[in-house]
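The values are calculated or read from the model by the stated rules, or taken from the named source; none is laboratory data. Fair warning: this is a prediction, and the values are worked out from it, not measured in the lab. Note that we place each Cβ from the backbone using ideal geometry, even for glycine, and neighbour counts take in every protein chain shown. Please note that ligands, DNA and RNA were not included when accessible areas were found on the heavy atoms of the full protein model with its side chains. Shrake-Rupley method; radii C 1.70, N 1.55, O 1.52, S 1.80 Å.
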Amino acid sequence: MSGLDVVLPIGTERLLLRPHRMDDLDDLVAFHSDPDVVRYVPWPVRDRAATEEALQVKLTQTELVAHGQWLVLAVELRSTGTVIGEVLLKWASDGQGEVGFALGREHQGHGYAAEAATAMLRLGFDDLGFHRITAVCIEDNTPSARLLARLGMRQEARLVDNVHFKGAWTTQLAFAMLEDEWRSRTATT
């Protein structure tokens, strides 16, 4: 098995999606320590030391060389150079990926997550040749579920009490998009 060729950074209209750097720490602490932001993501509220430890791992998540790896990119606002969130693409298996995202609270509701996630779908389908990309979210995370639907991903499942998440059994929603659905969607935009 050979790795997938990921060319970074990835620019969008308002964002730069790039590998993390150590000088991202202050920006990451701002949203990794916010209980409202981490409520629906798989990490706990982090203090500065825990965020720095997580950042050390993120510094290594810049390529996809084997199934199961996550590409984790900083979402930098071009106008300010501030890291406002993170976007992820997993190489799940041959031809399959998974997308994820998290943004600081003050940057939610401005279309940045959609812009970053669309760039990850483009990377997966157009550049890496994925056949299918999935995403999961906690059912109570209505904004993320709405965003995934707006991106053109279809909800394929509602998995009742599927995951023990932050101390409780939680229902997950599973979304997916196929390459031909991506092609149809991008041909009309």
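Provide the per residue accessible area, probe 1.4 Å, for the chain, rounded to a whole number of square angstrom.
Details: 9400 Å² over 189 residues.
Accessible surface, normalised per residue, equals 50 Å².
Could you please state how large a percent of the accessible area of the chain is carbon and sulfur, counting protein chains only and using a 1.4 Å probe?
On the way: 4630 of 9400 Å².
C and S fraction of accessible area: 49 percent.
Which net charge results for the neighbourhood of residue 34, defined as the other residues with beta-carbon distances under 10 angstrom from its beta-carbon, given Lys and Arg at +1 and Asp and Glu at -1? Each step should come with its number before you reach the end.
On the way: positive: 39, 46, 105; negative: 36, 106.
Here the count lands on +1.
What are the principal axis extents of the Cα atoms in the range 29-113, in Å, biggest first?
37, 29, 24
I'd like to compare 59-69, 31-41, 125-135: which one has the highest average count of other Cβ atoms within 10 Å, and what's the full order after that? Could you put the intermediate results ahead of the total?
Working: 59-69: 13.7, 31-41: 16.8, 125-135: 18.8.
Listed from highest to lowest mean packing, they are 125-135, 31-41, 59-69.
Which ³J(HN,Hα) values, rounded to whole Hz and listed in residue order, are derived for the range 24-32 from phi using the Karplus coefficients 6.51, -1.76 and 1.60 in 6.51 cos²θ - 1.76 cosθ + 1.60 with θ = phi - 60°, glycine and proline given as x?
7, 3, 4, 5, 5, 4, 4, 10, 5
Taking the dipole about the Cα centre of the range 46-189, with the C-beta of Lys and Arg at +1 and of Asp and Glu at -1, give me whichever of 128, 60, 147 is farthest to the positive side.
147
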